[in-house]
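Take a look at the structure set out below.
The values are calculated or read from the model by the stated rules, or taken from the named source; none is laboratory data. What you see is a predicted model, and the numbers here were worked out from it, not measured in a lab. Because the Cβ atoms are built from the backbone with ideal geometry, glycine has one as well, and the counts that use them run over all protein chains shown.
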């Protein structure tokens, strides 16, 4: 086919294929155990599948309302109040969206304008910065202190100026597994007081939290909640990442702008799934027991890895375990991750991919949202290094 004349100006000239796609493709090529991409290798609850099927058979197969099926929005409002004592109006402050990534993108496109600065905390999920750039914004980078991956709020405060429009936080954090404390949230609240700064809080792993910690949603803090957008994910909570369904919470004045953008991106989410989750979410144990479910997997993987030469870093939430490999190799993390995928058959994600300058601390991220036998086989292979 003839090449189109070279008149296209890329909106993301530095962007390539995501590291998740690269490593999963490499895993498939070499038939490796995929601990790279963050998805379970076990089935979701058969009851949830049954509910989706029933909704389809009942004829709930046409467009849902743009903001989402109202009974589901009402159920989310009830859930959020029960957990965090924060009341959101289902009509004006809750929107069902097809997954966390699109919800983040819609929020940034709606609220960030040309020249606005957005503070991101690295290492960070890789969709944040491209969304900022597409909106005409300027990403400004704060860096967690290693090896514990803690936010230095004093350093972050130095980045704030009259152009700062948004700060993005993520807890439990992908990729590090760290959680933001109540003290952290109080520091953030003090930092943004008296400013026009919006907080975008990525809380898609809100129910996957360990060791007795409580999830510190921004909705727990009224002065933060009034300027914050919260993103959450049913895919992460109910082991259905392929269904691409999540939701966005925000004060009405922010949500009206987010919906203006969102309606032209997708318009509405898969209808029978919304009906099914409305019923399924009544079973509170489905999300309240999630932390214990994944903590058992984290601990199992940790014990299995004791015979390896990896040093596991603290993990207080999410389903990702970071590990330092400097006792094994002095290779860069991308090269090392690729080599062990090819040679021993275990795929991971190099943490340098979560930094804009590719900071390489010789750390890999492993996903432990897997069957016990999958983790056992992977740990046996990793221990051979």
* Does residue 295 fit the bill of being over 30 Å from residue 326 (Cβ atoms) and either surrounded by fewer than 21 Cβ atoms within 10 Å (Cβ to Cβ) or free of Cβ contacts under 8 Å to residues at least 24 places away in the same chain (or both)? -> no
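A quick yes/no check of all residues on (1) modelled with pLDDT of 95 or more; (2) out of contact with any helix residue (DSSP H, G or I) (no Cβ under 8 Å at 6 or more places or on another chain); (3) in the same structural domain as residue 104 (by TED's automatic domain parsing):
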site: 235; (1), (2), (3): yes, no, yes
site: 244; (1), (2), (3): yes, no, yes
site: 267; (1), (2), (3): no, yes, yes
site: 271; (1), (2), (3): yes, no, yes
site: 299; (1), (2), (3): yes, yes, no
* If we scan the stretch 366-383, do we find a residue that is buried (at least 16 other Cβ atoms within 10 Å of the Cβ), in the same structural domain as residue 244 (by TED's automatic domain parsing) and part of a loop (DSSP other than H, G, I, E, B)? -> no
* To do: Can you give me the number of residues within the stretch 25-57 that are within 25 Å of residue 366 (Cβ to Cβ) and outside any loop (DSSP other than H, G, I, E, B)?
  => 7
* **helices (runs of 4 or more DSSP H) wholly inside the stretch 233-304 that include at least 1 residues being closer than 23 Å to residue 171 by Cα** => 234-237, 252-262, 285-288, 290-304
* Structure fact -> Among (1) assigned to a loop (DSSP other than H, G, I, E, B); (2) in contact with a helix residue (DSSP H, G or I) (Cβ under 8 Å, 6 or more places away or on another chain); (3) surrounded by fewer than 19 Cβ atoms within 10 Å (Cβ to Cβ), residue 327 falls short only on (2)
* **In the stretch 331-360, the residues that are assigned to a loop (DSSP other than H, G, I, E, B) and either in contact with a strand residue (DSSP E or B) (Cβ under 7 Å, 6 or more places away or on another chain) or within 16 Å of residue 308 (Cα to Cα) (or both)** => 344, 345, 348, 355, 356
* Restricting to the stretch 149-181, what's the tally of residues that are within 30 Å of residue 369 (Cα to Cα) and either buried (at least 18 other Cβ atoms within 10 Å of the Cβ) or over 19 Å from the mean Cα position of the chain (by Cα) (or both)? -> 17
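Give the residue that is surrounded by the most Cβ atoms within 10 Å (Cβ to Cβ), with candidates limited to residues of the stretch 58-72 that are assigned to a helix (DSSP H, G or I) and touching a helix residue (DSSP H, G or I) at 6+ places or on another chain (Cβ under 9 Å).
The qualifying residue surrounded by the most Cβ atoms within 10 Å (Cβ to Cβ) is 72.
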* **Unmet criterion (only one of (1) surrounded by fewer than 20 Cβ atoms within 10 Å (Cβ to Cβ); (2) over 28 Å from residue 121 (Cβ atoms); (3) in contact (Cβ under 8 Å) with a residue 12 or more places away in the chain) for residue 277** => (1)
* Do we have residue 350 as within 23 Å of residue 171 (Cβ to Cβ) and buried (at least 17 other Cβ atoms within 10 Å of the Cβ) here? -> yes
* **From 83, 111, 48, 26, residue being within 21 Å of residue 369 (Cβ to Cβ) and surrounded by fewer than 22 Cβ atoms within 10 Å (Cβ to Cβ)** => 26
* If you check residue 336 against the conditions, is it outside the structural domain of residue 173 (by TED's automatic domain parsing), under 20 Å from residue 148 (Cβ atoms), within 25 Å of the chain's Cα centre (by Cα) and surrounded by 16 or more Cβ atoms within 10 Å (Cβ to Cβ)? -> no
* For the stretch 125-145, enumerate the residues that are surrounded by fewer than 16 Cβ atoms within 10 Å (Cβ to Cβ) and at pLDDT below 95. => 145
* **The one condition in (1) surrounded by fewer than 16 Cβ atoms within 10 Å (Cβ to Cβ); (2) touching a residue at least 60 places away in the same chain (Cβ under 8 Å) that residue 310 fails to fulfil** => (1)
* Asked: Right, residue 28: within 14 Å of residue 274 (Cα to Cα) and more than 19 Å from the chain's Cα centre (by Cα) or not?
  -> no
* **Test result for residue 204, part of a loop (DSSP other than H, G, I, E, B) and surrounded by 23 or more Cβ atoms within 10 Å (Cβ to Cβ)** => yes
